[in-house]
Amino acid sequence: MASSLALAACGAPELEEAASPQDTVVVQQAGALETEELVADRRIIVYLTGSQSLYAVQDGKATLVAKRSGAPSVSPDGREVVYAKLPDSWNVGDAVTRTELHVYNVKNGKDDKLTSGHDDLDPSWTPDGKRILFQSNKRSGLASFWSVKHNGKDLDQVTNANCTKANDPAFVPTPASSTGVQWAPNDRRIIVYFTSQTSDSEVRVMSFNQDLGVASAYSLGKGTSPRWTERGTVTFTRKVNGRDVQVEVSVQ
């Protein structure tokens, strides 16, 4: 699950900051979260350091993409990276009040701004590479999912467009801060995530139609740390009588 940034703690810098695998927080390739072990086999194209600096690696050379960034998401074709850029003055532990989405082309180094003026966070490419799913609180006043094309066009509110408050029956919660979503490995139109870091967290499932409209959104019950399996089921942790229990659920 892509970890983005600590919301409450989303000239060239010193290169030693970029050189150490121990500093790596997130590594992504071809739209799927990989692990730090990929440092050794040269498949990394972007990584995020502990100080939230985003680097791209091309021909063995690390290039600073953003001084302060949330977790990157790599397009399915591996050519572009979307990330939430924070102000350069932001430091780990500061409150996050403004972020904008950017797309970085790994081959030519071009960086294009997609959105601005809000708190757009936790971007994730759709598996077909046509749109980017992200979250925002400020755009509508309610924490919601939004989507946009990779060129910044066709911005659309995906959830909660008809809600006025968080306790509306139709309200769809967003993921816990900085945890993001996971796309299903088999049916590429389903995401899973959890809603908070507390004992009240729910594991949520959302499926989309071909236009990234919400087809269904529901809870699998209390739990945290959901993971897709190769069988297309979801496993997650639930607290039962003070003990952590692993739950596996089939998702349609």
TODO: State yes or no: is Ser225 within 26 Å of Val74 (Cβ to Cβ) and either open to solvent by less than 20 Å² (accessible area, probe 1.4 Å) or out of contact with any Pro (no Cβ under 8 Å at 6 or more places or on another chain) (or both)?
DONE: yes
Subset of the stretch 116-149, residues within 16 Å of the chain's Cα centre (by Cα), outside any strand (DSSP E or B) and not charged (D, E, K, R), comes to Thr126, Pro127, Gly129, Asn137, Ala143
Do we find that Asn241 is open to solvent by 40 Å² or more (accessible area, probe 1.4 Å), at positive phi, of a type outside the set (Ser, Thr, Tyr) and more than 19 Å from the chain's Cα centre (by Cα) in this structure? yes
Those residues of the stretch 111-139 which are open to solvent by less than 20 Å² (accessible area, probe 1.4 Å) and of a type in the set (Ser, Thr, Tyr) amount to Thr115, Ser124, Thr126, Ser136
The stretch 1-94: strands (runs of 3 or more DSSP E) wholly inside it with 3 or more residues that are modelled with pLDDT of 50 or more and open to solvent by 10 Å² or more (accessible area, probe 1.4 Å) are 61-66
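The values are calculated or read from the model by the stated rules, or taken from the named source; none is laboratory data. A quick note: this is a predicted structure, and the numbers were derived from the prediction, not measured. Cβ sites come from the backbone with ideal geometry, for glycine too, and all protein chains shown count toward neighbours. Side chains are part of the model used for accessible areas, which takes the heavy atoms of the whole protein and leaves out ligands, DNA and RNA. Shrake-Rupley method; radii C 1.70, N 1.55, O 1.52, S 1.80 Å.
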